[in-house]
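In what follows, a single structure is set out as structure tokens and then discussed.
Every read-out reported here was derived from the displayed coordinates using simple, explicitly stated rules and does not represent laboratory data. Source: prediction; values computed, not measured. Cβ: placed from backbone, ideal geometry, glycine included. Neighbour counts: every protein chain shown.
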Amino acid sequence: MSKKRILQFLRAVTARVSTEDAAYVERYLSSAVQPLFFAQSVPDQCHALRAARNAEAIAQTAQDTVDVSLLIRCALLHDVGRKKGDLGTFGKSFAVLFAKFCPALARDYGNGKRSGVLARKMNVFFHHAEMGAAMLSNIGFSQEAEIVRKHHEAPADDDPPELRILRMADEIS
Ligand SMILES: [Fe+2]
Ligand SMILES: [Fe+2]
């Protein structure tokens with residue numbers, strides 16, 4: 001397992017959301033969308049907060065004009081498709097290893113060709129971006145939904161700067 005993955009795992013099992021973090025979420029997310037943020041597991045909430053703060057820092061060095069509020073909202077919400085209980089820290093670590101060492105079989109589990117608990121977990125692992133985007137567009141956050149939908153897709157020339165920065169921030173968070 002890479003050093004980055006081990007660090008992610010250790011952070012996840014020791015994660016806490018501070019009052020300062022909660023205030024940050026309240027500042028950037030309206031009450032309409034906050035329930036989606038807080039429906040995530042605590043380790044995912046902490047990951048999203050790190051992603052938002054890293055995204056803010058990257059935006060300051062960016063050449064293009066960035067809508068920083070949109071970027072922060074997207075960073076806070078990018079993994080909401082993965083709700084608390086869907087895929088815990090151990091489940092996520094398992095899914096990462098499963099997808100790495102048995103990619104074809106892992107995809108079968110994730111794409112509805114199998115049933116059961118493992119199939120449901122792999123489905124969330126592979127499809128949380130689309131799931132989160134659907135949840136966001138259902139409550140009228142269509143601009144955020146478009147960016148969240150693509151956060152694990154390969155970069156494209158017409159990607160908005162907020163999506164490019166979100167990918168970089170996600171990678172290091
Ligand atoms: Fe993600
Ligand atoms: Fe993420």
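Points to keep in mind about this one:
- The chain: calculated mean residue ellipticity at 222 nm from DSSP helix runs of at least 4, using -39500 (n - 2.57): -21000 deg cm²/dmol
- Qualifying trypsin sites (Lys or Arg not before Pro) in the range 61-163, where qualification requires a DSSP coil assignment and no more than 10 other C-beta atoms within 10 Å, comprise Lys113.
- 13 Å beta-carbon shell around Glu56, net charge (K/R +1, D/E -1): +2
- Converting phi to 3J(HN,Hα) with the Karplus coefficients 6.51, -1.76 and 1.60 and the offset θ = phi - 60°, the range 163-173 yields 5, 5, 5, 4, 4, 5, 5, 4, 4, 9, 10 Hz in sequence order, with x at every glycine or proline.
- Taking every Cα-Cα distance in the chain and sorting them into 10 Å bins starting at zero, the pair-distance distribution P(r) comes out as 10, 38, 38, 13, 1 percent.
- Under 10 Å, Cβ to Cβ, from Leu136 - net charge with Lys/Arg +1 and Asp/Glu -1: 0
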